[in-house]
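One structure is given here, and the rest of the page talks about it.
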Amino acid sequence: MATVKFTRKEIEARNHREEAAIIIDNVVYDVTEFMEDHPGGVDVLLDNAGKDASQCFADVGHSDIALEWREKFVIGEVVDEDRWPEVKRVVHEAPPAEPFTLMTLLNIWGPPIVLGGLAALVYTYLFPTS
Ligand code: HEM
């Protein structure tokens, strides 16, 4: 099936609750039905309806789940003459866990072991058994 192409001017009119479309990286999404389910709320989508929301979408650092989800709402693309450069997405994910090494073990247990040893030395010095 051929992709439906829209001019940015055509999308501008779809800026209200009953018909809301946004453009993300030159792809057009109809978010009218999705708005109520959007985890980020209705308002951000309504504010961006009829507009290019690429920057906002990227700034939020939407997850891969969001990327998958948005595919359901694709209705077409922006015409070639109206295409803009794509906005790079920053994903907010937890940094990878550090591998567990001997150094990690020493960093955690080193100080208490050294302190315990010192305490034992001081104790035996202050209270000799014989
Ligand atoms: C079809 C398009 C969109 C889909 C499918 C979508 C989906 C989602 C999902 C699944 C989340 C939960 C967090 C995550 O998994 O990333 C989310 C959060 C959010 N979204 Fe969207 N979103 C879309 C468009 C937008 C746009 C255009 C904006 C901004 C203009 C936006 C702003 C936000 C904000 C502010 C949050 C909350 C982030 C937080 O609480 O940390 N979203 N969205």
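Residue under question is residue 48, and the condition is that it be at pLDDT 90 or above and among the polar types (S, T, N, Q); does it hold?
Working: at pLDDT 90 or above: yes; among the polar types (S, T, N, Q): yes.
Yes: the conditions hold for residue 48.
For residue 119, indicate whether it is small (Gly, Ala, Ser), out of contact with any Lys or Arg (no Cβ under 6 Å at 6 or more places or on another chain), in a helix (DSSP H, G or I) and under 30 Å from residue 10 (Cβ atoms).
Working: small (Gly, Ala, Ser): yes; out of contact with any Lys or Arg (no Cβ under 6 Å at 6 or more places or on another chain): yes; in a helix (DSSP H, G or I): yes; under 30 Å from residue 10 (Cβ atoms): no.
So residue 119 fails the test.
Inside the range 20-41, can you point out the residues that are farther than 24 Å from residue 80 by Cβ and more than 12 Å from the ligand (Cβ to nearest atom)?
36
Out of all the residues in the range 80-98, is one or more over 30 Å from residue 25 (Cβ atoms) and not aromatic (Phe, Trp, Tyr)? Break it down into steps so the answer makes sense when it comes.
Applying the first criterion (over 30 Å from residue 25 (Cβ atoms)) to the range 80-98 yields 97-98.
This time we only want the ones that are not aromatic (Phe, Trp, Tyr), so: 97-98.
Yes; the residues of the range 80-98 include at least one that is over 30 Å from residue 25 (Cβ atoms) and not aromatic (Phe, Trp, Tyr).
Return the pair list, or none, for Cβ contacts closer than 6 Å from residues in the range 19-43 that are touching a residue at least 24 places away in the same chain (Cβ under 8 Å) to residues that are near the ligand (Cβ under 6 Å from one of its atoms) and in a loop (DSSP other than H, G, I, E, B), at least 6 apart or on different chains.
20/31; 22/31; 22/53; 24/53
Which residues, counting only those in the range 42-100, are near the ligand (Cβ under 8 Å from one of its atoms), surrounded by fewer than 13 Cβ atoms within 10 Å (Cβ to Cβ) and of a type in the set (A, V, I, L, M)?
65
Being at pLDDT below 90 and either over 19 Å from the mean Cα position of the chain (by Cα) or basic (Lys, Arg) (or both) is the filter here; which residues of the range 71-94 pass it? Walk me through it before giving the result.
Of the range 71-94, the ones at pLDDT below 90 are 88-94.
Result: 88, 89.
The values are calculated or read from the model by the stated rules, or taken from the named source; none is laboratory data. Computed from a predicted model, the values in this text were never measured in an experiment. Quick reminder, even Gly has a Cβ in these numbers, built from the backbone with ideal geometry, and neighbours come from all protein chains shown.
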